[in-house]
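Below: one structure, written as structure tokens.
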Amino acid sequence: MITVGPNERFATPATPISALKVIGLGNAGLAVLARLVHEPGAPVDLVAVHTDAKAVAASPAARKMQIGPDVAKGLGAGGDAARGRASASESLTSLRAESKGAEVVLLCAGLGGGTGSGAAPVVAEQARKSGALVIALVTLPFAAEGSRKRELAEESLARLGRNCLAVLCFENDRMVEVVGAEAPVTQAFAAATGVLSLAVRAIAQIAGLPAVLPVGLDELLQMFAGADARAHFGYGAASGPDRARLAVAEALRSPLLEEGKLLAEPGEVLIHVTGDHLLTLSELQSVLLRLSAHFGPATLVHVGVAHDPAAAGHLGVTVLGCTRSGLPPVLLEDEDECEALVEPLPEIAECAESEKPGESGGKRTKIKGKKNESGQTQEELPLDQAIRGRFKDLDPTMVDGQDLDIPAFIRLRIRLK
């Protein structure tokens, strides 16, 4: 007979994340923070980061940081991602110190501009090096903003993927569908900001509230790993006797779910339900049944329930789905990567010695040199020691007995003037 009795190990709820920090970067990030400041239940540790000194000063966030004072001179990055990246690189120490002590860092930014696209990967890297789990919530530019902005955003997205455990990427064009084509532009951008702020609050609840039915950051990170992930998100809250139905209906009205039509696409969906101590099993079942009608037959569903002491009669429903963009990954060829991919040439110096490839024991060969008309010595590279660079581990491309992977000037022994 199996005896079932009290067991404190199983009765203890999952430990919530206590140190969560939200960093708003650039104009879009600061707009999200401005909205979070006035919303109940939002994270309280908000940090405004920008190259623009006036924008930082005007932010209602309690903590502010101006990056790149020498590079940007207190102005914005002017849409130049390189300037944004240089500004963040100038302030590496401050950025890492700002993230220190946080268990989770939520990084909010709009991609396609200067500060967001350029600085976001650097900020994420410093937060990761400080020991935090980094999750980015970013927007892609409107299609009407042009292909160049889209390219900048995709490049930044690829860099973010290297330093973030998950990237929740939202399409601006899809988020503003709810406001209509004739809506004022301020209302359109406000809709995008509103979706990001709701997503920040939802992730903060998943990470920070005591779990009744645990679902946590591990599922979230697994779902949104990779730079090609695109987020489908909805959030709804309601009170009263019919609060379960009303909360689900509000979540499905999100422009990123299209009344639930988009829930048939993701291979995985995360549902997180929050409520006070009056939350019942029948309400949970009602939420799941209403949402499951929109899932595809092969959808893997993660369900979590958390107790929210501040709910005060409200029931909240978060729906997060992930699809893949289907686009090939952006290949980045920055200076650091190129240096890692290409083997360095032997050091050239008068009478310098270099070790022959494949030999050990200290055998060295001198680099030959000859004097030109002015009497100066011109060194010559040992062209017989062909360097294959990034092709060193691949089979050579042989044509007529020649390895075409070796540069032509080396194969043909052409002296560069």
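Quick notes on this one:
- Summing charges over all other residues whose Cβ lies under 13 Å from the Cβ of A97, with Lys and Arg as +1 and Asp and Glu as -1, gives +4.
- Shape category assigned to the range 17-208 from the gyration tensor of Cα positions, a/c cut at 1.5: rounded
- Label-to-label distance for E103 and D70 is 3.8 nm, based on points extended 7 Å past Cα in the beta-carbon direction.
- If only the Cβ of Lys and Arg carry +1 and only the Cβ of Asp and Glu carry -1, the dipole of the range 17-208 around its Cα centre is close to 500 debye.
- Taking 0.36 nm per residue of sequence separation and removing the Cα-Cα distance, the V301/E268 pair yields an extension gain of 11.3 nm.
- Two-site FRET efficiency, V212 against T397, from Cβ-Cβ distance with R₀ of 51 Å, rounded to 0.05: 0.25
- Neighbourhood net charge (12 Å Cβ-Cβ; Lys/Arg +1, Asp/Glu -1) for L315: -3
- Modelled FRET efficiency - R0 22 Å, Q222 with S292, Cβ distances, 0.05 increments: 0.60
- Inter-probe distance in nm under a simple model that places probes 7 Å from Cα toward Cβ, at E151 and R324: 2.6 nm
- Placed amide H near G114: partners under 5 Å, 5+ positions off or other chain: G79, D80
Just so you know, all these numbers are worked out from the coordinates, no wet-lab data involved. Computed from a predicted structure; not experimentally measured. Cβ atoms come from the backbone with ideal geometry, glycine included; neighbour counts cover every protein chain shown.
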